[in-house]
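One structure is given below, encoded as structure tokens.
The values are calculated or read from the model by the stated rules, or taken from the named source; none is laboratory data. Everything numeric here is computed off the predicted structure, so don't read it as measured data. Positions of Cβ are backbone-derived with ideal geometry, glycine not excepted, and every protein chain shown enters the neighbour counts.
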Amino acid sequence: MAFDSILVANRGEIACRVIRSARDLGLRTIAVYSDADRDAPHVRIADAAVRIGPPPVSESYLRPDAILEAAGKADAGAIHPGYGFLSENAAFAQAVDEAGLVFVGPPAKAIRQMGDKAEARKLMDAAGVRCVPGYQGDAQSDEAIVDAADAIGFPVMIKAAAGGGGRGMRLIHEVADLRAALPLVRSEAANAFGDDRLIVEKAILGARHVEVQIFADSHGHCIHLGERDCSAQRRHQKVVEEAPCPVVTAALRKAMGDTAITAARAVDYCGAGTVEFLLDGGGDYYFLEMNTRLQVEHPVTEMITGLDLVALQIAVAQGRALPASQDELRLDGHAIEARLYAEDPTNGFLPDTGRIALWHPAAGDGVRIDDGIATGQIVSPHYDPLLAKIVAWGETREIARNRLIRAVEGTVLLGVKTNGAFLIDLLQTDDFARGLVTTGFVDETYRNGMPADVPPAADVALAVGLCLDADQQASLAAGTYVSPTLLGWSNVAPLAIPLRLMCGGAAFDATATSVGPVWTVTVGGEAFEIEFGIADGHAVSVNGQSLNVRRAWSANGDLGLAIGGRRWHFQRADEASGGDAAGSGGRVTAPMPGLVIDIHVSTGQTVKKGESLAVVEAMKMQHRITAPADGVVEHIGVAKGDRLGSGDVMIEIGDADV
């Protein structure tokens, strides 16, 4: 089992995370990359890197043959799969073993048994582990699924039998919704996992999602490392996780931990794994699934245990025994993690793509940022929208929560929309502060996303000053030598310069004059004095008050601005792109870059407002494109299999005949 080199079969922040721990252990590290990731951070920090194919995951990161070929080229001794992609692919784990390499993960048999939700439920029933009431039968027709749901009783959850991570999963309240959802869920499951089989489970509303981290070695030892509360979810995808769970007592922790160990022993488990439960208000818990890999949220467990879980995975894979017994394990303090996604909370949380104009992660006591991005990098539509994980530890939950809020505010990403403002808002809600969040909280509280904020006049004035100052500096650089001290000098009264900026669909008219380094900007009848060039260049003065501001210009000249926890994207009105918004008027446009999975209408068809027109897949999720109004389909400009850019015209709808 000995090896001195390890290939990381993944990308992004988890690839960087594994590479750093492996290098700390003295191992040679090998990265793999698609053409879209040629210059990505995980490629740059590894000792070697091997190309595995073009950007689509089916042609690169999901190709076992390409990964094994890369391992052979780089003379790797082991393969770490990270999470996602091939991490829970039993055939891949077996192929790694057969190639004479070490798979840093559980045995292929355990992956196969626990990776199939239907099989896992049967195994847990046999082991005496209580499962959520449900159906995992072989009959998979729509009618069989509907009959099973009727027998269980609505509401129910339908899930991809081979899936995880919130994909291929829906909460269903009635039969009509189930019939409408089945084609989408089957397609999502088939595309994500290569398997369209479904299971049905009783939906336990008002429950918490609590998972237990377990670790087992090849010497017969198995321990748990405490629990994590992952109840803050949006569309069944986790957004904030914490350890320990706010409501789990020592007695309940022992009971859930013992159950998790029973589940692991039932499949002769070895390595890192997570047993997920639903915990109801009465303290009863039910087995959901076991993830046979490292979890995205593993940092919160690391921060309260002091263990490096990646290093522990590698040690177990090398045949060493666990370094501590259950009785020796101690949990210290509280840790909370927030996932920073490339998505727009003001537009239904639709994913966003583009070039990162600026990436500046926060730092501070008790703060950890796990990322795999850099300034200038392209956020691609081919991959998961997770950009980074912002984690904070504190002696108490409240200290950890406040540190995390400050860390999210201090983490700046410009050029691509993120969910940063949503994370801050969620962490500040009374329910989260009191530890009362259940699995339905986020979807209920943010049912319509978040309203678009309007920048205050002072922020608009600052943006105006930055735009005009940039113009002035560009003119200075392009001209013959002029002393910078003469900028803004005039022997007559300075002329007011008009400028209109757009932000979040709103227009702001301003006028500005400059005298030396000071700009006087008037917005909405209020005047502001703006001065640049103070200290390290990040500080500016607005009406004599010094502010720490970070800004970045995109390739098309748009201005990204970070002021405290506020993020703004400004465009000059004469440069702002025109055209219809997605679904406005009679023109339906792509709300994000993606792949056309299906077209549900034909030319000449009459449609009602809200009726499904097409399905677009972006960042591993499928999104319905619906009719913005009643009308008749006049033109369809796309076909199944087409790849779209944001704003591409898909369908045109005309007025229905009266």
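A few comments on the model shown:
- Conditions (1) buried (at least 22 other Cβ atoms within 10 Å of the Cβ); (2) free of Cβ contacts under 8 Å to residues at least 24 places away in the same chain; (3) assigned to a loop (DSSP other than H, G, I, E, B): number failed by Glu88: (2)
- Residue within the stretch 458-467 that is in contact with a Cys (Cβ under 6 Å, 6 or more places away or on another chain), touching a residue at least 24 places away in the same chain (Cβ under 8 Å) and under 22 Å from Gln545 (Cβ atoms) present: no
- Only one of Ala421, Ala400, Ala433 that is buried (at least 16 other Cβ atoms within 10 Å of the Cβ), of a type in the set (A, V, I, L, M, F, W, C), in contact with a Lys or Arg (Cβ under 9 Å, 6 or more places away or on another chain) and on the phi < 0 side of the Ramachandran plot: Ala421
- Qualifying positions in the stretch 342-386 - closer than 24 Å to Cys230 by Cβ and touching a Leu at 6+ places or on another chain (Cβ under 6 Å): Ala342, Asp344, Ile373
- None of Lys117, Lys122 is within 22 Å of Arg265 (Cα to Cα) and surrounded by 20 or more Cβ atoms within 10 Å (Cβ to Cβ) except Lys117.
- Looking at Lys122, Lys159, Lys109, just one residue is at negative phi and touching a helix residue (DSSP H, G or I) at 6+ places or on another chain (Cβ under 7 Å), and that residue is Lys159.
Table: residues versus (1) polar (S, T, N, Q); (2) modelled with pLDDT of 95 or more; (3) surrounded by 23 or more Cβ atoms within 10 Å (Cβ to Cβ).
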{"position": "Asp268", "(1), (2), (3)": "no, yes, no"}
{"position": "Val316", "(1), (2), (3)": "no, yes, yes"}
{"position": "Ile336", "(1), (2), (3)": "no, yes, yes"}
{"position": "Thr346", "(1), (2), (3)": "yes, no, no"}
{"position": "Pro351", "(1), (2), (3)": "no, no, yes"}
{"position": "Ile356", "(1), (2), (3)": "no, yes, no"}
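- Pick from the stretch 231-264, criterion in contact with a helix residue (DSSP H, G or I) (Cβ under 9 Å, 6 or more places away or on another chain) and assigned to a helix (DSSP H, G or I), ranking: nearest to Leu205 (Cα to Cα): Ala263
- Matching entry among Ala421, Ala338, Ala392 (being in a strand (DSSP E or B), under 18 Å from the mean Cα position of the chain (by Cα), of a type in the set (Gly, Ala, Ser) and under 26 Å from Arg447 (Cα atoms)): Ala338
- For Phe193, the criteria (1) more than 24 Å from the chain's Cα centre (by Cα); (2) crowded, with 19+ Cβ neighbours inside 10 Å hold in every case but one, which is (1).
- Hey, Asp332 surrounded by fewer than 23 Cβ atoms within 10 Å (Cβ to Cβ) and within 14 Å of the chain's Cα centre (by Cα) or not: no
- First in the stretch 1-22 and under 14 Å from His298 (Cα atoms) and touching a residue at least 12 places away in the same chain (Cβ under 8 Å), second anywhere and of a type in the set (Asp, Glu) and not in a helix (DSSP H, G or I), Cβ under 9 Å, 6 or more apart: Glu13/Asp370; Glu13/Asp371; Ile14/Asp370; Arg17/Asp370; Ser21/Asp308
- Odd one out for Ile304, checked against (1) over 18 Å from Ile223 (Cα atoms); (2) part of a helix (DSSP H, G or I); (3) touching a Leu at 6+ places or on another chain (Cβ under 8 Å): (1)
- Here Gly77, Gly82, Gly72 are screened, and the one residue that is at pLDDT 95 or above, within 24 Å of the chain's Cα centre (by Cα) and not assigned by TED's automatic domain parsing to the domain that holds His382 is Gly82.
- Residue count for the stretch 197-231 under the criterion of being within 24 Å of Glu174 (Cα to Cα) and crowded, with 20+ Cβ neighbours inside 10 Å: the result is 11.
- Within the stretch 603-622, the presence of at least one residue that is surrounded by fewer than 15 Cβ atoms within 10 Å (Cβ to Cβ), at pLDDT 90 or above and in a strand (DSSP E or B) is confirmed.
- From the list Thr353, Thr305, the lone residue that is closer than 30 Å to Pro593 by Cα, of a type in the set (Ser, Thr, Tyr) and in the same structural domain as Ala255 (by TED's automatic domain parsing) is Thr353.
- Condition met for Ala192 (aliphatic (A, V, I, L, M) and out of contact with any Leu (no Cβ under 6 Å at 6 or more places or on another chain)): yes
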